[in-house]
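Here the structure comes first, spelled out in structure tokens, and everything after it is commentary.
The values are calculated or read from the model by the stated rules, or taken from the named source; none is laboratory data. Bear in mind that the values here come from a model prediction, so they are computed numbers and not experimental data. Note that we place each Cβ from the backbone using ideal geometry, even for glycine, and neighbour counts take in every protein chain shown. Quick note on the areas: whole protein, heavy atoms, side chains included, nothing else; ligands and nucleic acids left out. Shrake-Rupley method; radii C 1.70, N 1.55, O 1.52, S 1.80 Å.
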Amino acid sequence: MSVDLHCHSTASDGALAPALVVARAHEQGVRLLALTDHDTLEGLDEARAAANALDLQLINGIELSCLWGGATIHVLGYAFDATAPALVQAIADLRAGRWLRAEEIDRRLALKGMPGALDGARAEQQALGDSGNAPARPHFADFMVSAGHVKDRAEAFRKWLGSGKLGDVKQHWPTLEQALGTLREAGAWISLAHPMQYNFTRSKRRKLIADFCQAGGHALEVVNGLQPAEQVGSLAILAREFGLMASVGSDFHAPGTWSELGMHRPLPDDLTPLWLRFAHVQQSAAL
Ligand code: MN
Ligand code: MN
Ligand code: MN
């Protein structure tokens with residue numbers, strides 16, 4: 001069975017509507033899928049309707065941003081109660097924060113001779129699929145390309161939107177502890193997303209994982225798409241050492257990029273897959 005527990009739709013910064021993500025995953029052979037949009041549950045209903053029409057199990061998923069050690073960290077929550085008040089409230093706060101951030105990006109770009117960025121980014125976003133969430137940086141990048149301010153998305157990020165640039169507006173994220181508390185109140189299984197992508201030293205990465213355990217985390221995302229095999233090896237060692245389970249995912253955002261649904265390196269087989277804890281997966285394994 002092919003498993004993919006990390007992907008994005010137009011509900012956050014992905015290029016495909018939730019139903020199209022599910023259909024594409026199914027075509028790629030995925031039979032257990034979690035849609036993990038950034039800080040929103042908005043895509044889950046549409047994804048579930050699509051999954052029900054196919055031979056594919058969809059797990060509730062989300063990728064939450066939070067702060068730890070001065071950096072933005074991503075945690076993945078799975079198989080939670082999407083109506084849990086703590087989670088609903090946290091997402092409402094994040095959504096409001098994302099709109100404030102988008103307005104700030106708009107203000108800053110206008111001062112640099114790029115007026116109308118929020119409306120333009122919103123138009124780019126809505127062209128992909130209807131969303132009540134604020135446009136994200138890729139949408140601003142597409143606006144900048146359309147308006148002729150830059151030649152492509154890469155240039156938009158390099159000059160204006162990338163880390164440390166003018167359009168990289170920091171949001172007031174919850175702390176790691178708060179994000180895990182919210183997810184735990186909703187009964188989620190929790191994995192630390194792509195632990196090698198934070199550019200931490202080995203010792204800082206170990207400290208992050210220790211704090212993640214302390215806050216009640218369950219798993220490491222040992223496999224993220226086609227990351228180098230030696231990274232999978234390093235993360236497998238950390239999962240064993242800290243007694244954590246493991247999750248896998250493609251981190252798919254758009255067709256024709258570095259990632260594809262269902263495409264990721266294999267999980268070392270002595271590790272415990274987090275998805276065995278998802279109730280209905282256990283049931284179907286027992287049948
Ligand atoms: Mn993303
Ligand atoms: Mn991420
Ligand atoms: Mn992601």
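Quick look at the values:
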| quantity | calculated |
| --- | --- |
| Rounded to the nearest 10 Å², the accessible area of L109 at probe 1.4 Å | 0 |
| Mean Cβ count within 10 Å, highest first, over the residues of peptides 141-150, 21-30 | 21-30, 141-150 |
| Two-site label geometry, E104 and E27: point separation in nm, points 7 Å out along Cα→Cβ | 3.9 |
| All-pairs Cα distance distribution in region 167-264, expressed in whole percent, bin size 10 Å | 15, 42, 35, 8 |
| 20 Å Cα-Cα reach of K159 towards lysines, excluding residues that sit fewer than 8 places from it in its own chain | K112, K151, K170 |
| Length-normalised contact order of the chain in % [C-alpha pairs under 8 Å, at least 6 apart] | 20 |
| Computed [θ] at 222 nm, helices only, for the chain once each DSSP H run of length n ≥ 4 contributes -39500 (n - 2.57) | -12500 deg cm²/dmol |
| Under 13 Å, Cβ to Cβ, from R153 - net charge with Lys/Arg +1 and Asp/Glu -1 | -1 |
| Orientation-averaged projected area, Cα convex hull of region 209-278 (nm²) | 5.2 |
| Rounded accessible area per residue of the chain, 1.4 Å, Å² | 44 |
| Between region 214-257 and region 183-197, the alpha-carbon center distance in angstrom | 11 |
| Cleavage-rule hits, trypsin sites (Lys or Arg not before Pro), region 150-255, DSSP coil, Cβ neighbours within 10 Å at most 11 | K151, K170 |
| Exposure rank, largest accessible area first [R101, R95; 1.4 Å] | R95, R101 |
| Distant-in-sequence amide H partners of F252 (H built 1.01 Å from N, under 5 Å) | H8 |
| Surface share of carbon and sulfur [accessible, 1.4 angstrom probe, percent] for the chain | 53 |
| Angle in degrees between helix 202-214 and the longest Cα principal axis of the chain, rounded to the nearest 10 | 70 |
